[in-house]
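Have a look at the structure below, then the notes.
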Amino acid sequence: RNVMSLHVPPPSARSNNFHSNWDMLTQENTALMVTNIHDCVLPGDADRYAFLPVVENLLATLRVHGLLVIHAVTSSRSQPELKLWSAPQDKTRSGCSPSSGEIVIEGQVPFCANLELILRMKKIQNIVFMGNLGGCTQAITEAKDKGFGCWLLEECLPTIVAESKQEAIAVPSSFLLGALSSTSNSLILAVNGTLMRGLELNPNMINAGATFVSEAETDKAYRMWSLDDVCPAMQRVSEGGTNIKLELWSVPYASVPDILKKEPAGLCIGKVRLADGSEVLGVLGEALGK
């Protein structure tokens, strides 16, 4: 079975909250807890929750890779109710709603003894939180007290309140996406221009078996050029750069050469630095010698 490791910058590069197991998250020992999405899953609410599409896309990708998904709903129920979701996913709502077989827990404190038992049986050591934190700050505190590593995905939360940030490690979701490139059958590829959704060469991505993950942007070190006034080409520059809008796609390794062969001459694949400081592979313009 493929193991997906999450690699994030060392403590010196980020918050002092990082501890000794910052590079020990794997597909096998990590669960996702989607918190309090029940109050913002209707399509009409999406404008009020800009983070929601990020949660949907990331959740869809991580489901494919087999991570344990838990849906937590804070309510007035004094005794938390835990159940396996048996109904098909509600397509009239959002991709954040539970899928069949996923854990749903509802109560005043979503982290309860029965949930802990399930996590221990599945040898889960880390919990990644995303969604609407709401009343789940206490759950994060209890999980940490019980020895679980707790992580917050920055773009997948409307706000990260101070008490939550003290109890959990906040990282950009791109670090989790970048972990997909450590699997044996797929990598995360950053694309721009005609490979993006709805544009001329996007069918090349679809036909290659690639799946859209999320929107992103580069750090302020890139410029766009034109190849024969037909295709844009992005290059890293030493000055005069700006943020370039991108899309991140999960692409089977075997399909990457086919995608590149169908690209116009002058394009190549190299490392792209994103706005949050992480790096992924991406389509770039070749450098021209003087």
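Looking at region 148-164, is at least one residue part of a loop (DSSP other than H, G, I, E, B), in contact with a helix residue (DSSP H, G or I) (Cβ under 6 Å, 6 or more places away or on another chain) and either buried (at least 16 other Cβ atoms within 10 Å of the Cβ) or modelled with pLDDT of 80 or more (or both)?
Applying the first criterion (part of a loop (DSSP other than H, G, I, E, B)) to region 148-164 yields 148, 157-161.
Applying the additional criterion that residues be in contact with a helix residue (DSSP H, G or I) (Cβ under 6 Å, 6 or more places away or on another chain) yields none.
Looking through region 148-164, none of the residues is part of a loop (DSSP other than H, G, I, E, B), in contact with a helix residue (DSSP H, G or I) (Cβ under 6 Å, 6 or more places away or on another chain) and either buried (at least 16 other Cβ atoms within 10 Å of the Cβ) or modelled with pLDDT of 80 or more (or both).
Residue 77 - would you say it is out of contact with any Phe, Trp or Tyr (no Cβ under 8 Å at 6 or more places or on another chain), among the basic types (Lys, Arg), surrounded by fewer than 22 Cβ atoms within 10 Å (Cβ to Cβ) and at pLDDT below 65?
Values: out of contact with any Phe, Trp or Tyr (no Cβ under 8 Å at 6 or more places or on another chain): yes; among the basic types (Lys, Arg): yes; surrounded by fewer than 22 Cβ atoms within 10 Å (Cβ to Cβ): yes; at pLDDT below 65: no.
Against the criterion (out of contact with any Phe, Trp or Tyr (no Cβ under 8 Å at 6 or more places or on another chain), among the basic types (Lys, Arg), surrounded by fewer than 22 Cβ atoms within 10 Å (Cβ to Cβ) and at pLDDT below 65), residue 77 does not qualify.
Out of 182, 173, 214, I need the residue that is in contact with a helix residue (DSSP H, G or I) (Cβ under 6 Å, 6 or more places away or on another chain) and modelled with pLDDT under 70. Which one?
Numbers: 182 fails: in contact with a helix residue (DSSP H, G or I) (Cβ under 6 Å, 6 or more places away or on another chain); 214 fails: modelled with pLDDT under 70.
Answer to the check: 173.
Name every residue in region 95-116 that is at pLDDT below 80, assigned to a loop (DSSP other than H, G, I, E, B) and farther than 17 Å from residue 36 by Cα, in order of residue number.
Of everything in region 95-116, just one residue is at pLDDT below 80, assigned to a loop (DSSP other than H, G, I, E, B) and farther than 17 Å from residue 36 by Cα, namely 100.
Mind checking whether some residue in region 117-132 is at pLDDT below 80 and open to solvent by less than 40 Å² (accessible area, probe 1.4 Å)? I'd like the intermediate steps shown before the answer.
Within region 117-132, the subset at pLDDT below 80 is 131-132.
Those left that are additionally open to solvent by less than 40 Å² (accessible area, probe 1.4 Å): 131-132.
Taking every residue of region 117-132 in turn, at least one turns out to be at pLDDT below 80 and open to solvent by less than 40 Å² (accessible area, probe 1.4 Å).
Here are some residues: 255, 250. Which one is closer than 23 Å to residue 62 by Cα, touching a residue at least 24 places away in the same chain (Cβ under 8 Å) and more than 19 Å from the chain's Cα centre (by Cα)?
255
The values are calculated or read from the model by the stated rules, or taken from the named source; none is laboratory data. Because the structure is a prediction, the values reported are computed rather than measured. All Cβ positions, glycine included, derive from the backbone under ideal geometry; neighbour counts span all protein chains shown. Side chains are part of the model used for accessible areas, which takes the heavy atoms of the whole protein and leaves out ligands, DNA and RNA. Shrake-Rupley method; radii C 1.70, N 1.55, O 1.52, S 1.80 Å.
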